[in-house]
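Colleague: Sharing a structure, written as structure tokens. Questions coming.
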């Protein structure tokens, strides 16, 4: 099936997809364990701790990313990832599952055109500049996620100038869907449809 579609706006991704923020207050240690237990559950879909940890580990161990955005904005030491970029990735996983659920419900699928259009979203992110340095499995996983966001933009007609309908749709979808994030990956904030670091108590 072919159709004429507008190029998805990078602004649409910015609304939902938070990747590589800076100045975190705490770190997340990357440790093995948990196996196939779910780290994120959205409705009937879930992503295991192993899969989430693998994504976070790729970022924590990327020397190219550290050079591109500053090592102090990625990690404070081997085997750790600053909480802001970590929760940004976990947020994108939550949002991807939510958008997949919406696309399935309205009978839409991610198309080859969505994959092509997602390149603009990738190039607009911090990861875009060092994308080629990541393992192939991660490049495929990241491209797949952005294609879902591109598909959602296409289906909802979101543009850089008007994202009102898209915001309304995803907010409604989130309200009707049980969403759980394991505590070690951050705190899920329903109003923002995102995961944020826990704030440490002040001395």
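The values are calculated or read from the model by the stated rules, or taken from the named source; none is laboratory data. Since the structure is predicted, the reported quantities are computational estimates derived from the model, not experimental observations. FYI the Cβ positions are ideal-geometry reconstructions off the backbone, even for glycines, and counts take in every protein chain you see.
Colleague: Yes or no: residue 60 surrounded by 21 or more Cβ atoms within 10 Å (Cβ to Cβ) and over 15 Å from the mean Cα position of the chain (by Cα)?
Modeller: Here the answer is yes, as residue 60 does meet what is asked.
Colleague: In addition: Among the listed residues 180, 184, 173, which satisfies the condition of being out of contact with any strand residue (DSSP E or B) (no Cβ under 6 Å at 6 or more places or on another chain) and over 14 Å from residue 106 (Cβ atoms)?
Modeller: On inspection, the qualifying residue turns out to be 184.
Colleague: Another question, if that's okay. Where residues in the stretch 105-128 are within 19 Å of residue 56 (Cβ to Cβ) and in contact (Cβ under 8 Å) with a residue 60 or more places away in the chain, which of them is surrounded by the most Cβ atoms within 10 Å (Cβ to Cβ)?
Modeller: 127
Colleague: Would it be correct to say that residue 179 is in contact with a helix residue (DSSP H, G or I) (Cβ under 7 Å, 6 or more places away or on another chain), modelled with pLDDT of 95 or more and surrounded by 13 or more Cβ atoms within 10 Å (Cβ to Cβ)?
Modeller: Considered against the rule, which asks whether it is in contact with a helix residue (DSSP H, G or I) (Cβ under 7 Å, 6 or more places away or on another chain), modelled with pLDDT of 95 or more and surrounded by 13 or more Cβ atoms within 10 Å (Cβ to Cβ), residue 179 comes out as yes.
Colleague: If you scan the stretch 169-191, which residues turn out to be more than 13 Å from residue 98 (Cβ to Cβ) and assigned to a helix (DSSP H, G or I)?
Modeller: Matches in the stretch 169-191: 183, 184, 185.
Colleague: Moving on to the next point. Within the stretch 147-156, can one find any residue that is more than 21 Å from residue 52 (Cα to Cα), free of Cβ contacts under 8 Å to residues at least 24 places away in the same chain and exposed (fewer than 15 other Cβ atoms within 10 Å of the Cβ)?
Modeller: no
Colleague: What pairs come out if I take residues in the stretch 175-187 that are on the phi > 0 side of the Ramachandran plot and pair them with residues that are surrounded by fewer than 16 Cβ atoms within 10 Å (Cβ to Cβ) and outside any helix (DSSP H, G or I) whose C-beta lies under 8 Å away, six or more apart or interchain?
Modeller: Going by the 8 Å Cβ cut-off, the qualifying pairs are 186/198.
Colleague: Follow-up question, since we're still on this one. Just give me the residues in the stretch 192-202 being under 15 Å from residue 92 (Cα atoms) and not in a strand (DSSP E or B), in sequence order.
Modeller: Listed by number, the residues that qualify are 192, 193, 197.
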